[in-house]
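Visitor: Would you mind keeping the following structure in view while I ask a few things?
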Amino acid sequence: MTSRLYLISPERIDHPAIFAADLRAALDGGDVAAFQLRLKDVDDAAVGRAADALRPICQQRGVALIMNDRPDLAVKFDCDGVHVGQDDMAYAEARRIVGPERQVGVTAKASRHLAMEAADAGADYVAFGAFFPSSTKQITTPADLEIVEWWSGLMEVPCVAIGGITVENCKPVIAAGADFLAVAGGVWNHKDGPEAAVRAFNEIFAAGS
């Protein structure tokens, strides 16, 4: 199984039309499995404007659009799924809201128990992290790559590795067996731009497969 990229948006998208160009550039760089819209401290209308601007780009490229935290907005803005953290909502409630067709991913942080619970309940994927210091999120639960190795050797449910992952540090995470690498700053803040970052990640994935 070759790892794939799971893009996460910047925390603020003040001008969706401008960011849309960045997203197109990133997707021009190569394969991306999913794009999570993760906006902080904005109202639902702002989330909706961003979703409406970015959804067609994702659909055209076959990239799943995932809403962070809010199953209700995932339905309202016709996203492909929702990602819920441990502090947001129980998996079962998120699934009830989005229905059987959309994806539901669950944060497990560094907990084998939480990951097993989510998988047993029916989650489409579990997310472990953080593996490295992150510029977008305060690290409350550092994770060890051993948890990815354990999971990938045991479970069919895919796992996402998250937290400060960049082109420079991603190889151990891939080697541990992560199905998806969730990346935000490592793409949007890449010195050569998002397209170059996605291309570099995919070259590393291909070399390791």
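Values quoted throughout were computed directly from the atomic coordinates according to the rules given, and no laboratory measurement underlies them. Because the structure is predicted, anything quoted here is derived from the model rather than measured. Neighbour counts run over all protein chains shown; Cβ positions are idealised from the backbone, glycine included.
Visitor: Using a 10 angstrom cutoff on alpha carbons, build the Gaussian network for the chain and name the most mobile of ALA161, ALA53, ALA184.
Guide: ALA53
Visitor: Here's another thing I want to ask about it. For a test of the definition: using alpha carbon positions, the gyration tensor, and the 1.5 limit on a/c, classify the chain as rounded, prolate or oblate.
Guide: Oblate is the answer for the chain, as a/c is 1.5 or above yet b/c matches or exceeds a/b.
Visitor: Label ASP28 and LEU114 with points 7 Å out from Cα along Cα→Cβ: what is the distance between them in nm?
Guide: Spacing of the two 7 Å Cα→Cβ label points: 3.8 nm.
Visitor: Further question: Determine the calculated [θ] at 222 nm for the chain from helices alone, applying -39500 (n - 2.57) to every DSSP H run no shorter than 4 residues and normalising by the residue count; nearest 500 deg cm²/dmol.
Guide: So the calculated ellipticity at 222 nm is -12500 deg cm²/dmol.
Visitor: While we're here: On a full-extension model of 0.36 nm per residue, what is the gain between ALA121 and GLU156, subtracting their alpha-carbon distance, rounded to one decimal in nm?
Guide: 11.2 nm is the gain from fully extending ALA121 to GLU156.
Visitor: To continue, here is another question. Count neighbours as other Cβ atoms within 10 Å of each site's Cβ, and list the trypsin sites (Lys or Arg not before Pro) in region 1-100 that are DSSP loop with at most 16 such neighbours.
Guide: ARG12, LYS40
Visitor: Output ³J(HN,Hα) for region 193-204: one whole-Hz value per residue in order, computed from phi by the Karplus curve 6.51 cos²θ - 1.76 cosθ + 1.60 with θ = phi - 60°, and x for Gly and Pro.
Guide: Residue by residue, region 193-204 yields x, x, 5, 5, 5, 5, 4, 5, 4, 5, 5, 5 Hz.
Visitor: Which is the longest stretch in the chain that no exposed loop site breaks, taking sites as GluC sites (Glu not before Pro) with a DSSP loop state and at most 12 other Cβ atoms within 10 Å?
Guide: Of all site-free stretches, the longest is 1-100.
Visitor: Would you mind checking which residues have amide H under 5 Å from HIS83's amide H? H placed 1.01 Å from N; only 5 or more apart, or other chain.
Guide: MET67, ASN68, ASP69, ARG70, GLY105
Visitor: Report the calculated FRET efficiency for ARG96 and ALA21 (r = Cβ-Cβ distance, R0 = 35 Å), to the nearest 0.05.
Guide: With R0 = 35 Å, the Cβ-Cβ based efficiency is 0.45.
Visitor: Based on Cα coordinates alone, diagonalise the gyration tensor for region 1-121, multiply each eigenvalue by 5, take square roots, and list the semi-axes in whole Å, largest first.
Guide: 24, 17, 13
Visitor: Quote the FRET efficiency, to the nearest 0.05, computed for GLU146 versus ASP192 with a Förster distance R0 of 30 Å and r equal to the Cβ-Cβ distance.
Guide: Calculated value: 0.40.
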